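Heads up, the thing below is written out as structure tokens.
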């Protein structure tokens with residue numbers, strides 16, 4: 001049963017230098033037309049059973065004006081039923097959230113905000129192409145709490161150009177001073193077709209050395225733990241009971257709807273991707289057709305691979321018993337080569353019925369995950 005839905009709002013007032021998500025400048029875009037198409041796509045899905053989580057991301061969902069935001073929230077309320085106690089998250093940019101927008105979200109049933117902060121250093125924010133300041137962040141958090149939101153999360157990025165370990169620690173400490181129940185901290189990834197990628201190709205992007213970035217991650221984990229925030233996934237930290245239900249859906253390899261331009265979904269054993277360009281997305285929907293760019297049935301070997309490399313992102317790891325119940329095979333035998341290699345290198349451990357990353361393995365997670373691809377077993 002599909003228990004989650006992701007909705008993509010591709011509009012931004014400003015494009016950040018590191019962002020490679022499907023997004024467009026908002027000016028002169030058919031925003032209302034897009035929201036109508038999104039409503040129709042949700043209607044075509046015919047969701048009847050209550051979902052346990054909805055996540056509205058982007059782009060910048062809060063770049064919508066009040067009327068557009070109300071249209072979106074009402075559309076979601078009509079098309080996507082929620083279970084009692086479900087998690088309903090909107091991504092937000094500091095400075096975008098007016099008291100009126102917060103009221104619309106709160107009255108529309110939204111109970112969690114994920115705020116893209118990235119840094120508390122104004123010089124670094126400017127360098128990465130963010131338009132908000134530290135003061136905007138503090139004001140946004142205060143306004144959100146005043147509007148009744150008690151489940152707030154903020155995203156941080158470390159490994160920024162010219163950032164030192166001390167800079168990263170200072171940002172984490174300022175974030176933690178807000179006393180929020182959830183934080184995400186990601187290392188900067190340079191993706192093709194971004195401003196940073198072009199600068200790097202020209203030798204004009206002074207990034208921290210690998211050792212410094214590892215020290216930043218170590219410091220993030222240390223500071224979070226010291227404040228009682230449990231690391232439940234490689235990049236995510238929460239107080240007990242405030243873990244992201246939606247993201248755990250992904251890491252548990254469970255199915256979810258993907259709605260909107262460029263959105264990905266996993267429903268009835270098929271993974272699919274929607275067209276990214278707005279016109280290409282909207283035109284099939286006008287013909288009452290799904291806006292699919294691609295769709296493929298996930299084979300059993302692929303499901304088992306995904307179970308491992310997604311599940312190993314969680315600090316609890318992959319349950320051997322749950323894997324055997326789901327697939328009728330032992331992951332320890334099936335992935336014997338990878339497990340032996342990674343345990344011998346001190347990156348993986350098998351104990352208490354779980355396969356999980358060691359502390360050292362967290363720093364080389366991608367290397368561990370790739371070893372579980374079936375091709376790597378040959």
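Points worth noting:
- Tallying residues that are within 14 Å of residue 64 (Cβ to Cβ) and either out of contact with any helix residue (DSSP H, G or I) (no Cβ under 8 Å at 6 or more places or on another chain) or in a helix (DSSP H, G or I) (or both) within the range 89-102 yields 3.
- In the range 53-63, the count of residues that are assigned to a strand (DSSP E or B), surrounded by fewer than 22 Cβ atoms within 10 Å (Cβ to Cβ) and in the same structural domain as residue 107 (by TED's automatic domain parsing) is one or more.
- Residue 309 being within 30 Å of residue 212 (Cβ to Cβ) and either without any contact (Cβ under 8 Å) to a residue 24 or more places away in the chain or assigned to a helix (DSSP H, G or I) (or both): yes
- Residue list for the range 230-261, restricted to those being touching a helix residue (DSSP H, G or I) at 6+ places or on another chain (Cβ under 8 Å), within 21 Å of residue 113 (Cα to Cα) and in a loop (DSSP other than H, G, I, E, B): 234, 260
- Residues within the range 317-337 that are surrounded by 13 or more Cβ atoms within 10 Å (Cβ to Cβ) and under 21 Å from residue 233 (Cα atoms), tallied: 7
- From the options 125, 72, 138, 113, residue that is in a helix (DSSP H, G or I), without any contact (Cβ under 8 Å) to a residue 60 or more places away in the chain and in contact with a strand residue (DSSP E or B) (Cβ under 9 Å, 6 or more places away or on another chain): 125
- Enumeration of residues in the range 292-306 that are part of a helix (DSSP H, G or I) and out of contact with any helix residue (DSSP H, G or I) (no Cβ under 9 Å at 6 or more places or on another chain): 306
- Some residue of the range 39-52 being in contact with a helix residue (DSSP H, G or I) (Cβ under 7 Å, 6 or more places away or on another chain), in contact (Cβ under 8 Å) with a residue 40 or more places away in the chain, closer than 24 Å to residue 248 by Cβ and assigned to a helix (DSSP H, G or I): yes
- The range 271-297, residues that are over 26 Å from residue 250 (Cα atoms) and either surrounded by fewer than 17 Cβ atoms within 10 Å (Cβ to Cβ) or free of Cβ contacts under 8 Å to residues at least 40 places away in the same chain (or both): 279, 280, 283, 284, 286, 287, 288, 289
- Residue match in the range 139-147 (condition: in contact with a helix residue (DSSP H, G or I) (Cβ under 8 Å, 6 or more places away or on another chain), closer than 24 Å to residue 247 by Cα and assigned by TED's automatic domain parsing to the domain that holds residue 11): yes
- Restricting 86, 144 to those that are touching a residue at least 40 places away in the same chain (Cβ under 8 Å), within 22 Å of the chain's Cα centre (by Cα), crowded, with 17+ Cβ neighbours inside 10 Å and not in a helix (DSSP H, G or I) reduces the list to 86.
- Residue check for residue 160: assigned to a loop (DSSP other than H, G, I, E, B), touching a residue at least 12 places away in the same chain (Cβ under 8 Å), in the same structural domain as residue 199 (by TED's automatic domain parsing) and under 18 Å from residue 235 (Cα atoms): yes
- Under the condition of being buried (at least 18 other Cβ atoms within 10 Å of the Cβ) and either not in a loop (DSSP other than H, G, I, E, B) or not assigned by TED's automatic domain parsing to the domain that holds residue 130 (or both), the residues counted in the range 193-214 number 2.
- Failed item in (1) more than 27 Å from the chain's Cα centre (by Cα); (2) over 27 Å from residue 237 (Cβ atoms); (3) in a strand (DSSP E or B), with residue 283 passing the rest: (3)
- With respect to being closer than 29 Å to residue 185 by Cβ and touching a helix residue (DSSP H, G or I) at 6+ places or on another chain (Cβ under 9 Å), residue 367 fits the description.
The values are calculated or read from the model by the stated rules, or taken from the named source; none is laboratory data. Only a predicted model underlies this, so the values are computations on that prediction, with no experimental measurement involved. Ideal geometry is used to build each Cβ from the backbone, glycine not excepted, and the neighbour counts take in all protein chains shown.
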